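Below is one structure; the comments refer to it alone.
FYI, it's all coordinate maths here, none of it is from the lab. All of these numbers come straight from a predicted model, not from anything done at the bench. Glycine gets a Cβ as well: all are built from the backbone with ideal geometry, and neighbour counts include every protein chain shown.
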Ligand SMILES: [Zn+2]
C-alpha cells in the first residue's frame, strides 16, 4: 500500500463508491513520457491527431498544459504561490512527473519516491480554500479535492496541505491533520 502523504495516500480507500465513467475523464492527457518530452512545445499543437488534447491544463486552469504547469515541470519557472504549486503538483501526478513531485517536496518530509500508481489517473482538481501562500508570504495552506479514476471507478480525496517557501521556492510540507473523504 502506498503511504506517501499527498494524493496517493487515500487511493486505496473506497471513496464515494463506483460511479459510471463520465465523458469528462477522457479529457485527461495520457502522455507516456510527460516531462522529458515536454521541451518541444509544438507537441501540444498536434492535438486532434493521435492523442486527445485537453481544453486546459490538468490542474484545472484554462491555459494549455505546456504554458501552465508544464513550464514549472520543465524547470522554466517556479510556481509563485502555494496554490499554483499545489496545482502544478496535481498536474505532475496527472502526467506522471515524479521528479517534479520530489523536488517540490520539503526535504524534511520528502519520501524516497512517490510510487506513482499507473492504475490511477488523476483527472480533475478542485481548490476549495486557500490561506496565505501568496507572493508576500512564506507559508500557506491549500485545501483541495482531487478526482481520480482507478480501474474505471471514479473517486475523490481531499487534503488540507501546508506549503512553505524554502530558498524562495514553494514546497509541499505535508497534510494538516487526517484527510477527509
Ligand atoms: Zn496548470
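Quick notes on this one:
- The range 55-181 - Kirkwood radius from inverse mean 1/r over Cα pairs (Å): 14.6
- Normalised by the number of residues in the range 55-181, the average gap of Cα pairs under 8 Å and 6 or more apart makes the relative contact order 22 percent.
- Ranking of 86, 157 by neighbouring Cβ atoms within 10 Å, starting from the fewest: 157, 86.
- Each peptide in 135-142, 67-74, 99-106 gets a packing score, the mean of other Cβ atoms within 10 Å over its residues, and the list from highest to lowest is 67-74, 99-106, 135-142.
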